[in-house]
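Before any comments, here is the structure.
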Amino acid sequence: MNKNFFMLPNEIFELKLKPRDFTVLACLMKHSNSDYTCFPSYRTIAKECSISQKTVGHALKVLSNKRLIEILNRKREDGSKSSNLYHITLLNVKK
């Protein structure tokens, strides 16, 4: 799989996302595997999107509420928090 680029479906423009939400979704797509799952940290997303970690949190909440992504909170064996697992469901969204 060539990770020098990724594709977004044309329908994404019909969703009328705010720029921050669009950018975070694109970042998740960039990191996703063939199953459309990924697990970048808030810090990584914020850095790559040039936004704050707080703004990342807001964007992820919007994307989740619109059912464009599913968020799975993960924990390590010792019980400490790990990065979330994101599953991009954008392709399943109907108008």
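The values are calculated or read from the model by the stated rules, or taken from the named source; none is laboratory data. The structure presented is a predicted model; accordingly, all values stated were derived computationally and were not measured. Here the Cβ is made from the backbone with ideal geometry for all residues, glycine too, and neighbour counts use every protein chain on show. All accessible areas refer to the heavy atoms of the entire protein, side chains included, with ligands and DNA or RNA removed. Shrake-Rupley method; radii C 1.70, N 1.55, O 1.52, S 1.80 Å.
Pairs meeting the criteria (first residue in the range 4-32 and exposed (fewer than 15 other Cβ atoms within 10 Å of the Cβ), second residue part of a helix (DSSP H, G or I), beta carbons under 6 Å, at least 6 apart or on different chains) are Phe6/Met29; Phe6/Lys30. When the test is whether a residue is touching a Cys at 6+ places or on another chain (Cβ under 8 Å) and either open to solvent by 40 Å² or more (accessible area, probe 1.4 Å) or more than 18 Å from Ile12 (Cα to Cα) (or both), Ile45 passes it. Among residues of the range 66-95 being outside any strand (DSSP E or B), within 23 Å of Glu14 (Cβ to Cβ) and open to solvent by 60 Å² or more (accessible area, probe 1.4 Å), the one that is modelled with the lowest pLDDT is Lys95. Leu17 meets each of the listed conditions (1) part of a helix (DSSP H, G or I); (2) modelled with pLDDT of 90 or more; (3) farther than 14 Å from Leu85 by Cα apart from (1). Tell me which residues, restricted to the range 49-65, are open to solvent by 70 Å² or more (accessible area, probe 1.4 Å) and within 17 Å of Asn84 (Cα to Cα). Once the filter is applied, which keeps residues that are open to solvent by 70 Å² or more (accessible area, probe 1.4 Å) and within 17 Å of Asn84 (Cα to Cα), the range 49-65 yields Gln53, Lys54, His58, Lys61, Asn65.
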